[in-house]
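Engineer: Input: one structure, supplied below.
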């Protein structure tokens, strides 16, 4: 009889598949997250391929849906700009097509008004008497959050 610890480290493909169904149903996931989770479970490549294919066929895993939801969420909740969203999606190995599709979720008017709101809020928090330093601090903040440099510098001219 196998010891308790060695028994718990071996998981069947069916058990792993059920776990991954729950994992994907709880929150949208990208292929990379699923792959890493299965690797962490000690699954071999054939099992990973089989489970991933099953998840895609049963619509638990949809990279376009993930990318669209990711872009919407990071923009609306974290106020990220398109550059940061693209960078994070690329880090998750999302295809260029799906990245483009995800960015189409962001309305241009809402995008620009969010930038304005974010810039004004941050500017009010910067207590720096030197105008150049204030501009730099605001620009650094907005660029770090992934806003396009052309938009950031136009906003700086407008506000300061």
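Engineer: For residue 60, only one of the following conditions fails: (1) touching a residue at least 40 places away in the same chain (Cβ under 8 Å); (2) closer than 24 Å to residue 151 by Cβ; (3) crowded, with 16+ Cβ neighbours inside 10 Å. What is its number?
Structural biologist: Status for residue 60: all satisfied but (2).
Engineer: Right, next: Under 6 Å between Cβ atoms, which residue pairs at least 6 apart in sequence (or on different chains) link something in the range 122-134 that is more than 21 Å from residue 80 (Cα to Cα) with a partner that is in a helix (DSSP H, G or I)?
Structural biologist: 128/134
Engineer: Within the range 92-112, restricting attention to residues that are in contact with a helix residue (DSSP H, G or I) (Cβ under 9 Å, 6 or more places away or on another chain) and outside any helix (DSSP H, G or I), which residue is modelled with the lowest pLDDT?
Structural biologist: 105
Engineer: So residue 119 passes all but one of these: (1) closer than 30 Å to residue 12 by Cβ; (2) over 12 Å from the mean Cα position of the chain (by Cα); (3) surrounded by 13 or more Cβ atoms within 10 Å (Cβ to Cβ). Which condition number does it fail?
Structural biologist: If we test residue 119 against (1) closer than 30 Å to residue 12 by Cβ; (2) over 12 Å from the mean Cα position of the chain (by Cα); (3) surrounded by 13 or more Cβ atoms within 10 Å (Cβ to Cβ), just (1) comes out false.
The values are calculated or read from the model by the stated rules, or taken from the named source; none is laboratory data. Fair warning: this is a prediction, and the values are worked out from it, not measured in the lab. We place every Cβ from the backbone using ideal geometry, glycine too, and count neighbours over all the protein chains shown.
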